[in-house]
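The values are calculated or read from the model by the stated rules, or taken from the named source; none is laboratory data. Everything numeric here is computed off the predicted structure, so don't read it as measured data. Heads up, the Cβs are rebuilt from the backbone with ideal geometry, glycines too, and the neighbour counts pull from every protein chain shown.
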C-alpha cells in the first residue's frame with residue numbers, strides 16, 4: 001500500500017518537464033540556492049522546480065485534481081498518488097494588492113507600490129499561487145487580468161512572477 | 001437549526017487583569033507584561049496561586065510564553081491541566097471553557113500577551129533584544145506552517161491577504177474606502193473615553209482618506225496599531241464564580257470556524273470562509289441574538305474584517321455593510337450605533353486601543369457586562385456579541401451575558 005511518504009522523492013513526469021536538458025537539482029543544490037527557506041522533504045520538489053524554471057503544483061493520479069501548495073495526499077480524495085507537475089503558466093489575476101511598505105527585500109521596490117497577486121491558474125478553478133506581477137503599468141493592474149508565467153531573480157535564484165499575457169517576449 | 005451547547009451559561013469569567021497597552025513599554029519583557037496581567041486577574045477574582053489548577057495561553061509575534069514558564073514564574077503549586085494556544089483569544093478562552101466543563105481543571109488562568117518585535121514596528125526593530133524575540137526564520141519568514149512559510153512581499157499570509165480581499169470586496173460590491181473609514185472613525189471616537197487606548201485623538205473622514213497607503217486599498221488607519229501589553233482572565237464554573245468577590249460574566253455560546261482551504265490566497269470566496277461558518281454555528285448555539293445584544297464587538301484587526309462581521313452575522317447582506325453603517329451612524333457621537341442603541345467596540349477596538357488578537361475586546365466585554373466601564377459604560381449592558389479573529393483560519397464567535 002503506497003503511503004504518503006512514497007512521494008517525497010518522486011520526480012515529476014519527464015514528458016512534462018521543460019525541453020532544455022536541465023537535470024533535476026540535488027538536495028544539496030536546492031539547500032544551497034534557497035538558504036533561508038524552510039525547506040523540507042516535500043516542498044524541496046517545488047523549489048527544485050524553480051531552479052529549472054518550472055512552476056510545479058501537486059496533481060493527483062487518482063482523481064486528476066490539482067492542488068497548491070504540495071501536499072502529501074490529495075486534499076480532494078486523500079489518495080497518496082500525488083506528484084508535483086509543472087503547470088502551463090497561464091492564469092488570471094484573482095486577488096490583487098500593492099504593497100507600499102514591507103520588510104526590506106533585495107530587488108523589491110515599494111516606492112511605487114509592489115504588486116502582489118493571487119493568480120488563478122488555468123489548470124483548475126481555485127488553483128492559485130501568490131506572486132508578483134511584472135511588466136505591467138500600475139494603472140493597468142486589475143482583477144481579471146490575463147497573465148502568464150515569467151521568471152525574476154530573488155536573491156540569486158529563479159522566482160516565479162506573472163506578466164500580462166501576450167506581451168512580446 | 002440548533003446545535004448542542006451543554007455548557008451554556010455554566011461556565012463564567014470570574015476575573016480579568018490588564019497590563020496596560022502602550023506603543024512602547026520599553027526595556028521590559030513579554031513575560032513581565034503577562035505576569036502583571038495574570039496577577040491582576042487572579043487578585044480580581046479573589047483567588048491565590050493555590051486556586052489555579054489550569055493554565056492556557058500564548059501570543060503571536062514571538063510565539064508566546066509557554067504555560068510551563070507561567071506556572072514556574074507564578075509558583076503555581078498544583079496545576080492539573082494546561083495548553084498552549086495560538087491567538088486570537090478565543091482559542092485560549094475556548095480551551096479553558098472546555099477544560100473546566102470537562103473537569104480537567106476547576107479554575108483556569110487564561111493569558112494573552114503582545115510584544116512588539118522587529119518586523120512589526122520600526123522602534124521595536126531598533127531594540128536588539130526585541131530583534132531576538134522575533135518568531136521564525138532569520139529573514140522573517142513565518143513559522144506558522146506549510147503554505148504559510150513565506151513572508152511579505154512574496155506571500156499573502158496575513159495583512160497582504162486581507163488587503164487583496166478588501167480590494168476584491170470593493171470591486172465586487174461597489175463599496176468605497178469611506179465604508180472602511182467609518183469603522184476606523186467610530187473606533188477612534190470610542191477610544192477617547194478609554195485610558196488604555198493608545199490612539200485617542202479624533203479621526204475625521206478626510207484624515208482617514210489621506211492616511212498613508214500601506215497595502216492597497218488598506219491605509220494606516222485600516223490596520224490595528226502595534227502595542228505592548230497583556231490581558232488575563234479567570235475561567236471557572238458559574239457556580240464557583242458566584243462564590244467569588246468579583247461580578248461573574250457567563251459564557252452563553254462560543255464557537256470557532258474554519259473551512260478548507262483556509263489560506264488567504266486560496267479561499268474560494270468571502271461567503272465560504274470560516275467567518276460565516278462561525279456566525280452560523282454561534283447562531284445555532286445561542287438563545288440570544290442580534291435583537292438581544294446591548295453591545296457588539298466585531299473584530300477589527302483590519303477594517304474590512306469588522307465590516308464583514310456586520311454581513312456574516314446577519315445585520316445586513318453581503319456587500320451591504322457600507323450602507324448599513326451609514327444608516328446606523330450617530331452623527332452627534334461620530335460613531336456607529338446599531339439601531340440607535342447598540343454601540344460597537346466601545347473601547348476603540350484593535351484599531352485604536354491596540355492590536356491584541358481580540359483580548360482587548362474580551363476584556364472590554366467583561367468590563368461592560370459587569371457595569372464597570374465608567375464614562376464609557378453602555379447603559380444596562382447585559383448581553384455582548386464578540387467575533388474575534390479574521391476571515392480564514394482564525395474566525396471565532398462568542399456570546400457573553402451578565403449573570
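Before we move on, is residue B:202 surrounded by 24 or more Cβ atoms within 10 Å (Cβ to Cβ) and at pLDDT 95 or above? Before the answer, list the steps.
Values: surrounded by 24 or more Cβ atoms within 10 Å (Cβ to Cβ): no; at pLDDT 95 or above: yes.
So residue B:202 fails the test.
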Review point. Can you name the residue in the stretch A:66-119 that is within 23 Å of residue B:259 (Cβ to Cβ) and over 21 Å from the mean Cα position of the chain (by Cα) and, of all such residues, is surrounded by the most Cβ atoms within 10 Å (Cβ to Cβ)?
Key: A:79
Practice item. Report whether or not residue B:389 is outside any loop (DSSP other than H, G, I, E, B) and closer than 22 Å to residue B:8 by Cβ. Key: no
Exercise for review: Kindly list the number of the only condition in (1) in a loop (DSSP other than H, G, I, E, B); (2) more than 14 Å from chain A (Cβ to nearest Cβ) that fails for residue B:207.
Suggested key: (1)
Point to revise | Criterion violated by residue B:71 - all others in (1) in contact with a helix residue (DSSP H, G or I) (Cβ under 8 Å, 6 or more places away or on another chain); (2) over 30 Å from residue B:191 (Cβ atoms) satisfied | key: (1)
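For the stretch A:142-153, give me each residue that is crowded, with 20+ Cβ neighbours inside 10 Å and either within 10 Å of chain B (Cβ to nearest Cβ) or free of Cβ contacts under 8 Å to residues at least 40 places away in the same chain (or both). Can you show your working first?
Going residue by residue through the stretch A:142-153, those that are crowded, with 20+ Cβ neighbours inside 10 Å are A:145, A:147, A:149.
Of everything in the stretch A:142-153, nothing turns out to be crowded, with 20+ Cβ neighbours inside 10 Å and either within 10 Å of chain B (Cβ to nearest Cβ) or free of Cβ contacts under 8 Å to residues at least 40 places away in the same chain (or both).
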Review point. Which fully enclosed helices (runs of 4 or more DSSP H) of the stretch B:37-125 have 2 or more residues being in contact (Cβ under 8 Å) with a residue 24 or more places away in the chain and touching a strand residue (DSSP E or B) at 6+ places or on another chain (Cβ under 7 Å)?
Key: B:89-102
Review point. Do we have any residue at all in the stretch A:53-64 that's within 14 Å of chain B (Cβ to nearest Cβ), at pLDDT below 95, farther than 30 Å from residue B:222 by Cβ and in contact with a strand residue (DSSP E or B) (Cβ under 9 Å, 6 or more places away or on another chain)?
Key: no
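Let me confirm something: among A:79, A:18, which residue is at pLDDT below 90 and not in a helix (DSSP H, G or I)?
Just one listed residue meets the conditions, A:18.
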Check your understanding: Is there a residue being within 14 Å of chain B (Cβ to nearest Cβ), more than 19 Å from residue B:264 (Cβ to Cβ), buried (at least 16 other Cβ atoms within 10 Å of the Cβ) and touching a strand residue (DSSP E or B) at 6+ places or on another chain (Cβ under 7 Å) anywhere in the stretch A:40-50?
Key -> yes
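Among the residues in the stretch A:117-134, are any more than 10 Å from every other protein chain (Cβ to nearest Cβ) and under 30 Å from residue B:220 (Cα atoms)? Break it down into steps so the answer makes sense when it comes.
Of all residues in the stretch A:117-134, those more than 10 Å from every other protein chain (Cβ to nearest Cβ) come to A:121-124, A:133-134.
Now narrow it down to the ones that are under 30 Å from residue B:220 (Cα atoms): A:133-134.
There is at least one residue in the stretch A:117-134 that is more than 10 Å from every other protein chain (Cβ to nearest Cβ) and under 30 Å from residue B:220 (Cα atoms).
This table checks each residue for (1) at pLDDT below 95; (2) in contact with a strand residue (DSSP E or B) (Cβ under 6 Å, 6 or more places away or on another chain); (3) crowded, with 21+ Cβ neighbours inside 10 Å; (4) within 14 Å of another protein chain (Cβ to nearest Cβ).
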{"position": "B:224", "(1), (2), (3), (4)": "no, no, yes, no"}
{"position": "B:228", "(1), (2), (3), (4)": "no, yes, yes, no"}
{"position": "B:234", "(1), (2), (3), (4)": "no, yes, yes, no"}
{"position": "B:247", "(1), (2), (3), (4)": "no, no, no, no"}
{"position": "B:274", "(1), (2), (3), (4)": "no, yes, yes, no"}
{"position": "B:278", "(1), (2), (3), (4)": "no, yes, yes, no"}
{"position": "B:286", "(1), (2), (3), (4)": "no, yes, yes, no"}
{"position": "B:306", "(1), (2), (3), (4)": "no, yes, yes, no"}
{"position": "B:315", "(1), (2), (3), (4)": "no, no, no, no"}
